[in-house]
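Notes follow once the structure below has been shown.
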Amino acid sequence: MIKKISILFFLFQVTYSFAQKEKQELREGNKHYNEGKYAEAEKKYTEALKEKNNYYKSNFNLGNAYYKQGKYNDATGQYDTYIKNTNNKDTLAKAFHNLGNTYLKTKKYEEAIKAYKNALKFNPKDEDTRYNLAYTLKKLQQQQQQDKKNKDKKDDKKKDDKQKQDKKEDKKKDDKQKQDKKEDKKKDEQQNKKEDKDQKGQPQQPQMSKEEAQRMLDALKNNEQKLQLKKKNKEGEAKSKIIDKDW
């Protein structure tokens, strides 16, 4: 679809030679505008408004001069001012049409649609406005679809980032567990080495065979029997001894 956006312009010509100051400025502004000198036209329209701040013709044309220079926010303000200060249906239709164009340029599609609809209320047969309305409706639909894609993409990115973060946290936990295991293993090895060292420092218990142990037991037994016999003999002797009386 070829973009077709028109801007409607009023050139309010004066018909008498001794015009008021604001009308002289307006006429010079129109001359500059028709020559494509929009900055100069802006100055003249502004001068006209200084002479008469509610001069609706300069308000309207100043909005057009702003529009031609790409000063869309300024143009919006001028069209709004004009719309609030006139009741003429024909000029209101043109003002709303141009207002819709400024919103369209700044991609404020919902505001543009509203302005075009207002323009059609005052002039239902304006095909340019009807075309711009259809065009803007399509642009709004595309914008909404793109916004949805961007939102979905953003949500997917958040989800991916969360998954990556979760994986990162899991890896940190795994690494910590591995480190803890290494530390525990190291401590066990150190403890085992210490125990081995302690055991090596202790005197070794003598080793003997079963036969040697039995011989030692027999020897101990024989010694004990001899001691018992000796003790018994000593006790016998003590009982049979005669005690002499010392007179």
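Label separation (Glu169 vs Glu183): 2.1 nm, computed from points 7 Å beyond Cα along the C-beta direction. Relative to the current alpha-carbon distance between Lys194 and Gln69, full extension at 0.36 nm per residue lengthens the span by 36.1 nm.
Separation of the alpha carbons by more than 18 angstrom is noted, of Lys44/Lys107; Lys105/Lys138; Lys89/Lys125; Lys114/Lys148, for Lys44/Lys107; Lys114/Lys148.
Charge dipole (Cα centre; +1 on Lys/Arg Cβ, -1 on Asp/Glu Cβ; no other charges) of segment 32-90 amounts to roughly 80 debye. For segment 19-86, the fraction of C-alpha pairs more than 16 angstrom apart is 38%.
Highest mean packing first, where packing is the average number of other Cβ atoms within 10 Å per residue, the peptides 60-72, 36-48, 161-173 line up as 60-72, 36-48, 161-173. In order along segment 116-130, the Karplus-derived 3J(HN,Hα) couplings, from 6.51 cos²θ - 1.76 cosθ + 1.60 at θ = phi - 60°, round to 5, 5, 5, 4, 5, 5, 8, 8, x, 8, 6, 6, 4, 5, 5 Hz, and Gly and Pro are given as x.
Rg/Rh, computed from the Cα trace of segment 70-170 with Rh as the Kirkwood radius, has the value 1.30.
Cβ crowding within 10 Å, taken as a proxy for footprinting-reagent exposure, orders Thr106, Thr136 from fewest neighbours to most as Thr106, Thr136.
Which lysines have a Cα lying under 26 Å from the Cα of Lys210, excluding residues fewer than 8 positions away in the same chain? By straight Cα distance, Lys210 reaches Lys200, Lys221, Lys226.
For Lys159, the aspartates and glutamates whose Cα comes closer than 19 Å to its Cα, not counting residues fewer than 8 places off in the same chain, are Asp147, Glu169, Asp170.
Since every read-out is calculated from the coordinates, none of them should be taken as a lab result. As the structure is a computational prediction, the values presented were derived from the model and not from experiment. Here the Cβ is made from the backbone with ideal geometry for all residues, glycine too, and neighbour counts use every protein chain on show.
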